[in-house]
Amino acid sequence: MVRVVTDSNAHLSVSVREKYNIGFVPLQVLFGTRAFGDEVDLSNEQFFHMLAHEKVHPTTSAPAPADFIRVWKPLLEEGHEIVSICLPSGLSATYSSAVNAKAQLEQDSGAELPLSIVDGKWLSMAQGFQCIEGARVAQAGGTRQDVIKAMTALDERLTLIFLLDTLEYLKRGGRIGKAQAWLGTMFNVKPLLEIAHARIEPLERVRSRKAGLTRMLALTQTPPTTNGPRKGEGALHVAVLHAHAPEAAQQLEDELRARFNIAELVRAEIGPTIAVHTGPDALGLAFYRD
């Protein structure tokens, strides 16, 4: 059987990973010289407390090759094949680390392994949806190529947007990109951003959280075309994402259920490796249509 493996950036809950037999490799979160494995020895609650109280701003680091090997090797020994999807190589060294891990394993075994590595195009639950779709194909008896095809078929359907409370954390983390132009003009204004082509693309500035929620719902109906026109006109698969903002996430979920034909709705908290850049109180939507 083919097994899907991802990294902790995908924001898949433990229950979802168990349901679909999805393996996961934690990224590292660094507060100065202290390193923590995302979801392993640093919970979201601990992270947001440290983000508010630590003097040093956290950074993130890709998993080491040994971290991938630790997850892959038992699966291979059990006779499984693997499709491992990673953060985009344009944003992280995670993919490069995975490639090195595979090379080490193949050198040690002296043979080519049934292991495919996908350089992803998405973050958070956009990548999470690809994992779920690939795992469904795997559970139905699909091959590695079938799983990869199912994952990458969503590239033309997915949209990922975030409403931030501030640009400060993107600025601190050096990921601000084109939104740099908004610095100095964001007083009492909330930035609405899209992740497209593995880059942060500024969409709009809104005056309040309420106005931001309204725009997010409108963009769910008519997605931005930064990644090209989005395919699919059927029922909506959507993930509501929040960084320590469960009440706002619930409001967004309620509005989505009232307005759209929902095929699948997932709620997920934005974990440390993304929250380093969004800061607290951020909201996100990852979605696609059948």
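Using a ≥ b ≥ c from the Cα gyration tensor of the chain (square roots of the eigenvalues), is it rounded, prolate or oblate, where a/c under 1.5 gives rounded and otherwise the larger of a/b and b/c decides, a/b for prolate?
Values: a/c = 1.93, a/b = 1.32, b/c = 1.46.
Here the chain falls in the oblate category.
Using the Cα centre of the chain as origin and beta-carbon charges of +1 (Lys, Arg) and -1 (Asp, Glu), tell me which of Gln46, Tyr20, Ile161 is placed farthest towards the positive end of the dipole.
Selected residue: Ile161.
Is segment 157-289 rounded, prolate or oblate when judged by the Cα gyration tensor, a ≥ b ≥ c being the square roots of its eigenvalues, rounded requiring a/c under 1.5 and prolate requiring a/b larger than b/c? Let's see the in-between values first.
Details: a/c = 1.69, a/b = 1.40, b/c = 1.20.
Cα axes put segment 157-289 in the prolate bin.
What is the sum of charges around Asp7, taking Lys and Arg as +1, Asp and Glu as -1, for the other residues whose C-beta is under 11 Å from the C-beta of Asp7?
After counting each charged neighbour, the total is -3.
Order by neighbour count: Leu27, Leu75, Leu217, fewest other Cβ atoms within 10 Å first, most last. Write out the running numbers ahead of the final one.
Details: Leu27 26, Leu75 20, Leu217 16.
Sorted ascending by nearby Cβ count, the order is Leu217, Leu75, Leu27.
Quick check: Cα centre of segment 237-290 to Cα centre of segment 104-119, how many Å?
Computed from Cα coordinates, the inter-centre distance equals 36 Å.
At 7 Å along the Cα-to-beta-carbon direction for both Gln145 and Ala211, put a label point, then send me their distance in nm to one decimal.
5.2
In degrees between 0 and 90, to the nearest 10, how far off the longest principal axis of the chain does helix 246-259 point, with axes built from Cα atoms?
90
Report the relative contact order of the chain, percent, no decimals, based on alpha-carbon pairs under 8 angstrom and at least 6 residues apart.
Details: 546 pairs, mean separation 60.1, N = 290.
RCO, the chain: 21 percent.
Only Lys, Arg, Asp and Glu count, each charged at its Cβ (+1, +1, -1, -1), so figure out the dipole size of the chain about its Cα centre, rounded to 20 debye.
Details: 30 positive and 33 negative charges, 186 e Å.
For the chain, the charge dipole is close to 900 debye.
Could you work out the helix-only [θ] at 222 nm for the chain, with each DSSP H run of four or more residues adding -39,500 (n - 2.57) and the total divided by the number of residues, to the nearest 500 deg cm²/dmol?
Values: 10 runs with 112 residues, N = 290.
The helix-only estimate for the chain comes to -12000 deg cm²/dmol at 222 nm.
Starting from segment 190-290, pick out the GluC sites (Glu not before Pro) whose DSSP state is loop and whose Cβ has at most 12 other Cβ atoms within 10 Å.
On the way: sites: Glu194, Glu204, Glu233, Glu247, Glu253, Glu255, Glu264, Glu269; in loops: Glu233.
Passing both the DSSP loop test and the Cβ count: Glu233.
Please report the net charge: other residues with Cβ closer than 9 Å to the Cβ of His244, K and R +1, D and E -1.
Values: positive: none; negative: Glu45, Glu269, Asp281.
With Lys, Arg at +1 and Asp, Glu at -1, the net is -3.
Provide the per-residue ³J(HN,Hα) series for segment 43-55, in order, calculated from phi with Karplus coefficients 6.51, -1.76, 1.60 and θ = phi - 60°, each as a whole number of Hz, with x at glycine and proline positions.
7, 4, 4, 4, 4, 5, 5, 5, 4, 7, 10, 6, 6
What order do you get for Phe24, Phe129 when you list them from fewest to most C-beta neighbours inside 10 Å?
Working: Phe24 20, Phe129 26.
Result, fewest neighbours first: Phe24, Phe129.
So which aspartates and glutamates pass the test for Lys149, namely a Cα distance under 14 Å, with those fewer than 8 places away in the same chain ruled out?
Lys149 reaches Asp119, Glu133.
May I ask for the distance between the Cα centers of segment 124-161 and segment 17-41, given as a whole number of Å?
One Cα centre to the other: 21 Å.
Only bridges with both residues in the chain count here: give the DSSP antiparallel percent, nearest 5. Please report the intermediate quantities before stating the final value.
Working: 29 of 49 bridges.
Rounded to the nearest five, the antiparallel share is 60 percent.
All of the numbers you see were taken from the coordinates with simple rules; none came from a lab. All figures in this text were calculated on a predicted structure; none of them were measured in a lab. Neighbour counts run over all protein chains shown; Cβ positions are idealised from the backbone, glycine included.
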